[in-house]
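The block underneath contains the structure these notes are about, expressed in structure tokens.
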Amino acid sequence: MKAVEPLWRPSRARIADAGITRYQQWLEEARGLSFASYDELWEWSVTEIEAFWQSIWDYCRVISHSPYEQVLVERTMPGARWFEGATLNYAEHSLARAHIAVAADQPAIIFQSELVDRAEVSWQTLNEQVGSIAATLKSLGLKQGDRAVAYMPNVPETVAAMLAVTSQGGIWSCTAPDMGAVGVLDRFRQIEPRILFAIDGYRYGGRDYDRRDIVKQLVRQLPSVESVIFVPYLDTAAELELTFPDEPERQVNVITFREATSQPQQVDFAAVPFSHPLWIVYSSGTTGMPKPIVHGHGGVVIQNLKAGLLHGDSRPGDRAFWFTSTNWIMWNSVVNGLMNGVTIMLFDGNPGYPDCTTLWRFAERERVNAFGTSPAFIALCMKAGIKPVEQFNLGSLRSIGCTGSPLSEEGYRWVYSHVKTDVRLGCISGGTDPGACFLTTCSILPVYAGEMQCRELGVATHAFDDNGNSIIDEVGELVVTQPMPSMPLFFWGDTDGSRYYESYFETYAATRPGVWCHGDWLRLIPREESITGIIYGRSDSTINRHGIRMGTSEIYRVIEEYDDVLDSLVIDLEYLERPSYMALFVVMRTPGVTDVVLTGPAPSGSVAGAASLGDATPEQTGVPLALRNELLNAIRTKLSARHVPDEVFAIPAVPRTLSGKKLEIPVKKILLGKDAGKSVNRDSMANPESIDWFVDFATARG
């Protein structure tokens, strides 16, 4: 392999001070184990998995009310049973720092939004709020195993509510208030919640959104809801009045958040089994009913203690930020930082309002140590031409995290040239489903452009070929070959486990039964210091032309390097008995616009669709001829002549999920003539209006 120079190497001091270095020293002293390289340590962690997870339990000092009888009953997937006999509580770990006298008055949460300039919640205050809400929930009849859900934004009240519910063994689930009623009901109807936490409204991009009518609709259509804890946030004087004209006998309690927190007290934590359900998160639900994925108390605790201390270098008192909404698993990940004593930084609002320096100003003011974002935000900053290294004092910043989609090599280089030279850029890939990372970050390893640093400890990530053979330095299916504690317990309502099995274990059932297949293309690259990795997008949206497969993210990397292109989407339409047609859709830059929602000028979908049937002109495609030829030539020369699109069209926006992922499969279905209503759930989209252009395009193509 040709030698490639990394963009960053950790200093000796950084390596010596890394959390994983301290863990390895402990392993040598306590277990007599030493490893010459990261990959040797990783290999041990996925081979001697019982010994590894037992070491994490001991090293991270899991708080257990009763001891476990066995680390792992049997190495099997699905159905692995971890730490049976142990009882513990997620919220107890999250609030442990509140009971340290010197830390009690320090901030557990620092918050900013478009409504609140700045707010702090101390560890002691958070602990007492949680205690009061927990007592309120008990008075409302919440029992272990009951579901309590939230229609809430990324605000401190949501954190306190989640900790209160889980402290009592209740099961938490949440959606953000930017989701429409249909999307929320698709999720919450499946789990029949007893309690609803609800916001009155929120502000985004300078605009106010009153959501009380949606809240009323949710309560009316969720007959299991007995009580609502109402949070006046947009308007502190707001009230919620519930009436049920079709069910005059129905009574639903409405309690304000102020009332629920009016009796500050210590939390009486329920000690629950290791595999007791903690929360329910959801697949995107863009092409069908969202999968309600259940994670457990113990799995989340031990996974995130490990990830935070060993990979993230979390330290008590650190200030960690990740831009997210409550719809995304990254919100849960942010809150998980509390169990490592981290001050979590919450931001609610449009990160591009009034311009895309908002989050960098937040990071400077609060002396943030860890800053988490997405490739879309980094691309926005690149296109806007900002230079945080020159505009802001980021001296406290030790790491930058990035996830949601693959970050381009240019994005990596921009971070080191325009943000900070000595920073660990930790691009990660995992997900809602596993509750862990497949590929992650590590402070003792270098950073190579476009590559994630390593496979996470305890996660047996491999790339498989079609026959189920592990491959290196080739693109294959991302799989996990050994169980880990954070894997889903089950899908809610999936009584026979068939939906769970079909989602992850069906692909290799014939050749390698019991292997988790995640549905991403992965290439593992052998570097001198470790095996790194690149994700090439979803394997079910792969472009296969003339027998040669290519992940769509490879094309995006090339196209989105161009300043005139804000965003892109590539779709290969394979028709029965008709020639395939590959279209590249681009969002063109509008001069002077830096809004984080990537939108641009475009012809109508009808005009573009009709033009796709013949020789399209630049006026019909919305793309200047010179730029079109440049883009197609770049794909031809940098990637593959077989994967050059037939045409390039300007679109107003790329359809995305609420967590920012491109909706390739739903758009492909629409362009192949499928009914839009059956192809995509608009309530699960960040920009549902963007689908209309593709509907018009498909109609015009006939």
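Can you find a residue that is among the small types (Gly, Ala, Ser), assigned to a loop (DSSP other than H, G, I, E, B), open to solvent by less than 60 Å² (accessible area, probe 1.4 Å) and farther than 27 Å from ARG642 by Cα anywhere in region 467-485?
Scanning region 467-485 turns up no residue that is among the small types (Gly, Ala, Ser), assigned to a loop (DSSP other than H, G, I, E, B), open to solvent by less than 60 Å² (accessible area, probe 1.4 Å) and farther than 27 Å from ARG642 by Cα.
Out of all the residues in region 144-194, which are assigned to a helix (DSSP H, G or I) and over 21 Å from PHE491 (Cα atoms)?
PRO156, GLU157, THR158, VAL159, ALA160, ALA161, LEU163, ALA164, SER167, ALA181
Quick check on THR136: is it modelled with pLDDT of 95 or more, in contact with a His (Cβ under 7 Å, 6 or more places away or on another chain), among the β-branched types (Val, Ile, Thr) and open to solvent by less than 50 Å² (accessible area, probe 1.4 Å)?
no
Please specify each residue of region 663-702 satisfying the condition of being under 14 Å from GLY183 (Cα atoms) and not in a helix (DSSP H, G or I).
Result: VAL680, ASN681, MET685, ALA686, ASN687.
Would it be correct to say that SER606 is at pLDDT below 75, farther than 26 Å from GLY352 by Cα and in contact with an Asp or Glu (Cβ under 6 Å, 6 or more places away or on another chain)?
The answer is no for SER606.
Tell me, please, whether a residue that is β-branched (Val, Ile, Thr) and under 25 Å from the mean Cα position of the chain (by Cα) can be found in region 87-95.
no
Results for (1) among the hydroxyl-bearing types (Ser, Thr, Tyr); (2) touching a strand residue (DSSP E or B) at 6+ places or on another chain (Cβ under 7 Å); (3) free of Cβ contacts under 8 Å to residues at least 60 places away in the same chain, shown as yes or no for each residue.
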position	(1), (2), (3)
VAL667	no, yes, no
LEU672	no, yes, no
LYS678	no, no, yes
ARG682	no, no, no
ASP692	no, no, no
PHE697	no, no, no
ALA700	no, no, no
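I'd like the full set of residues that are part of a helix (DSSP H, G or I), closer than 14 Å to ILE133 by Cα and either touching an Asp or Glu at 6+ places or on another chain (Cβ under 9 Å) or not basic (Lys, Arg) (or both), limited to region 218-262.
Scanning region 218-262 gives PHE257, GLU259, ALA260.
Tally time: how many residues in region 501-523 are open to solvent by 20 Å² or more (accessible area, probe 1.4 Å), hydroxyl-bearing (Ser, Thr, Tyr) and touching a residue at least 60 places away in the same chain (Cβ under 8 Å)?
Of the residues in that region, 2 qualify.
Taking region 378-411 as the search range and keeping residues that are touching a Gly at 6+ places or on another chain (Cβ under 9 Å) and hydroxyl-bearing (Ser, Thr, Tyr), which one is modelled with the lowest pLDDT?
Among those residues, the one meeting the criterion is SER405.
It is to be established whether one or more residues within region 602-611 are closer than 30 Å to ALA181 by Cβ and under 28 Å from the mean Cα position of the chain (by Cα).
no
If the requirement is being among the acidic types (Asp, Glu) and not in a helix (DSSP H, G or I), which of these qualifies: ASP58, ASP39, ASP117?
ASP117
Could you tell me which residue of region 61-78 is most open to solvent (accessible area, probe 1.4 Å), considering only residues that are assigned to a loop (DSSP other than H, G, I, E, B) and under 30 Å from PRO316 (Cα atoms)?
Across region 61-78, the extreme among qualifying residues is ARG61.
If ALA460 satisfies all but one of (1) open to solvent by less than 60 Å² (accessible area, probe 1.4 Å); (2) farther than 20 Å from LEU278 by Cβ; (3) modelled with pLDDT under 95, what's the number of the condition it fails?
Failed condition: (3).
Criterion first (of a type in the set (A, V, I, L, M, F, W, C), touching a Phe, Trp or Tyr at 6+ places or on another chain (Cβ under 6 Å), at pLDDT 85 or above and crowded, with 17+ Cβ neighbours inside 10 Å) does LEU584 satisfy it?
no
Taking GLY141, is it on the phi > 0 side of the Ramachandran plot and open to solvent by less than 30 Å² (accessible area, probe 1.4 Å)?
yes
Looking at region 2-19, I want the residues that are on the phi > 0 side of the Ramachandran plot and have a partner that is of a type in the set (A, V, I, L, M) and at pLDDT below 95 with Cβ atoms under 7 Å, at least 6 apart or on another chain. Which pairs are those?
none
Hey, among the residues in region 337-347 that are crowded, with 24+ Cβ neighbours inside 10 Å and not β-branched (Val, Ile, Thr), which one's nearest to SER113 (Cα to Cα)?
Among residues in region 337-347 that are crowded, with 24+ Cβ neighbours inside 10 Å and not β-branched (Val, Ile, Thr), the one nearest to SER113 (Cα to Cα) is LEU346.
Given the conditions (1) open to solvent by 10 Å² or more (accessible area, probe 1.4 Å); (2) assigned to a strand (DSSP E or B), which single one is not true for GLN265?
It fails just one condition, (2).
Cβ-Cβ distance below 9 Å, separation of 6 or more or different chains: which pairs start in region 459-471 with a residue that is in contact (Cβ under 8 Å) with a residue 60 or more places away in the chain and under 25 Å from GLU40 (Cβ atoms) and end on one that is surrounded by 13 or more Cβ atoms within 10 Å (Cβ to Cβ) and among the basic types (Lys, Arg)?
Pairs that qualify, where the first residue is in contact (Cβ under 8 Å) with a residue 60 or more places away in the chain and under 25 Å from GLU40 (Cβ atoms) and the partner is surrounded by 13 or more Cβ atoms within 10 Å (Cβ to Cβ) and among the basic types (Lys, Arg), are THR461/ARG455; HIS462/ARG455; ALA463/ARG523.
Name the residue that is farthest from HIS311 (Cα to Cα), counting only residues in region 377-386 that are surrounded by 15 or more Cβ atoms within 10 Å (Cβ to Cβ) and without any contact (Cβ under 8 Å) to a residue 40 or more places away in the chain.
Among those residues, the one meeting the criterion is ILE386.
Residues checked against (1) part of a loop (DSSP other than H, G, I, E, B); (2) out of contact with any helix residue (DSSP H, G or I) (no Cβ under 7 Å at 6 or more places or on another chain):
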{"residue": "ARG499", "(1), (2)": "no, yes"}
{"residue": "ARG523", "(1), (2)": "no, yes"}
{"residue": "GLU528", "(1), (2)": "yes, yes"}
{"residue": "TYR536", "(1), (2)": "no, no"}
{"residue": "ASP540", "(1), (2)": "no, no"}
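Does any residue in region 46-73 that is in contact (Cβ under 8 Å) with a residue 12 or more places away in the chain come within less than 7 Å, Cβ to Cβ, of a residue that is surrounded by fewer than 14 Cβ atoms within 10 Å (Cβ to Cβ) six or more places away or on a different chain, and which pairs are these?
These pairs meet every condition: SER55/ARG31; SER66/GLY85; PRO67/GLY85; TYR68/GLY85; GLU69/GLY85; VAL71/GLU50; LEU72/GLU50.
Would you mind stating whether VAL149 is farther than 19 Å from GLU114 by Cα, touching a strand residue (DSSP E or B) at 6+ places or on another chain (Cβ under 8 Å) and open to solvent by less than 10 Å² (accessible area, probe 1.4 Å)?
So VAL149 passes the test.
Does TYR562 satisfy being part of a helix (DSSP H, G or I) and at pLDDT 85 or above?
No, not satisfied.
Please tell me if PHE257 is open to solvent by less than 80 Å² (accessible area, probe 1.4 Å), among the aromatic types (Phe, Trp, Tyr) and at pLDDT 95 or above.
So PHE257 fits the description; yes.
Sort through ARG628, ARG656 and tell me the only one that's open to solvent by 10 Å² or more (accessible area, probe 1.4 Å) and closer than 24 Å to ASN687 by Cβ.
ARG656
Applying the selection to region 640-649, what residues are of a type in the set (A, V, I, L, M) and surrounded by 22 or more Cβ atoms within 10 Å (Cβ to Cβ)?
VAL648 - this is the single residue of region 640-649 that is of a type in the set (A, V, I, L, M) and surrounded by 22 or more Cβ atoms within 10 Å (Cβ to Cβ).
The values are calculated or read from the model by the stated rules, or taken from the named source; none is laboratory data. As the structure is a computational prediction, the values presented were derived from the model and not from experiment. So basically every Cβ, Gly included, is an ideal-geometry build from the backbone, and we count neighbours across all protein chains shown. Accessible surface areas use protein heavy atoms only, side chains included; no ligands, DNA or RNA. Shrake-Rupley method; radii C 1.70, N 1.55, O 1.52, S 1.80 Å.
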